[in-house]
Amino acid sequence: MNITLDNMDDSTLLRFHEERLDAHNSKELKDYLLTLYDNGTKNLILDLSEVRFVDSSGLGALLSGHKNAGLRDGRFALACVQSRVQSMFELTRLTRVFEIYPGVEEALANGAVGTPHDQKQD
């Protein structure tokens, strides 16, 4: 799994450098997110700009990250979601669960733990 981490303001930005979030790498992402939270990360923003496909396993990993943030009174936001992935979130109604922003800057600007944002991407 190819990822990079950046600390920005009081959030951690995780850039996911894979085209697919699926059964082949979702468990590794889920475990990685849990480790981040266990090590004190509170607010996490995932940059999904390179992700072109998400399957049910990938959605499960993202939901796990969201749940673990909530258990720690933290924040879990998604940024830069491509249109195909956004369509999957809309189809599964997960736009009601996740905070989704068109870009990292918008996610950082809306830094408080908030309600999900239904954002369309081109």
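Checked against the criteria, Asp73 does not count as among the charged types (D, E, K, R), modelled with pLDDT under 95 and touching a strand residue (DSSP E or B) at 6+ places or on another chain (Cβ under 7 Å).
One residue stands out in segment 111-122 among those that are under 14 Å from Ser11 (Cβ atoms) and surrounded by 15 or more Cβ atoms within 10 Å (Cβ to Cβ): the one that is modelled with the lowest pLDDT, namely Val113.
What number of residues within segment 40-76 satisfy the criterion of being in contact with a Ser or Thr (Cβ under 6 Å, 6 or more places away or on another chain) and farther than 21 Å from Ala109 by Cα? Please lay out each step first, then the result.
Applying the first criterion (in contact with a Ser or Thr (Cβ under 6 Å, 6 or more places away or on another chain)) to segment 40-76 yields 41, 43-45, 57-58, 61.
Adding the requirement that they be farther than 21 Å from Ala109 by Cα leaves 57-58, 61.
Number satisfying all stated conditions: 3.
Which of (1) closer than 21 Å to Gly103 by Cβ; (2) out of contact with any strand residue (DSSP E or B) (no Cβ under 8 Å at 6 or more places or on another chain); (3) without any contact (Cβ under 8 Å) to a residue 24 or more places away in the chain is the odd one out, the single condition Lys67 does not satisfy? Against the list (1) closer than 21 Å to Gly103 by Cβ; (2) out of contact with any strand residue (DSSP E or B) (no Cβ under 8 Å at 6 or more places or on another chain); (3) without any contact (Cβ under 8 Å) to a residue 24 or more places away in the chain, Lys67 comes up short only on (1). A count restricted to segment 1-17 and to residues that are in a strand (DSSP E or B) and in contact (Cβ under 8 Å) with a residue 40 or more places away in the chain stands at 3.
For (1) surrounded by 22 or more Cβ atoms within 10 Å (Cβ to Cβ); (2) modelled with pLDDT of 95 or more; (3) more than 18 Å from Asn7 (Cα to Cα); (4) polar (S, T, N, Q), each residue gets a yes or a no:
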{"residue": "Asn39", "(1), (2), (3), (4)": "no, no, no, yes"}
{"residue": "Lys42", "(1), (2), (3), (4)": "no, no, no, no"}
{"residue": "Leu46", "(1), (2), (3), (4)": "yes, yes, no, no"}
{"residue": "Arg52", "(1), (2), (3), (4)": "no, yes, yes, no"}
{"residue": "Gly60", "(1), (2), (3), (4)": "no, yes, yes, no"}
{"residue": "Ser64", "(1), (2), (3), (4)": "no, yes, yes, yes"}
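In segment 86-107, the qualifying residues are those that are surrounded by 22 or more Cβ atoms within 10 Å (Cβ to Cβ) and of a type in the set (A, V, I, L, M), and the one that is modelled with the lowest pLDDT is Ala107. Taken over segment 20-49, the criterion of being closer than 20 Å to Leu91 by Cα and in a loop (DSSP other than H, G, I, E, B) is satisfied by Asp22, Ala23, Leu48, Ser49.
The values are calculated or read from the model by the stated rules, or taken from the named source; none is laboratory data. Just so we're clear, the structure is a prediction, and the values are computed from it rather than from any experiment. Virtual Cβ from ideal backbone geometry, glycine too; neighbours counted across all protein chains shown.
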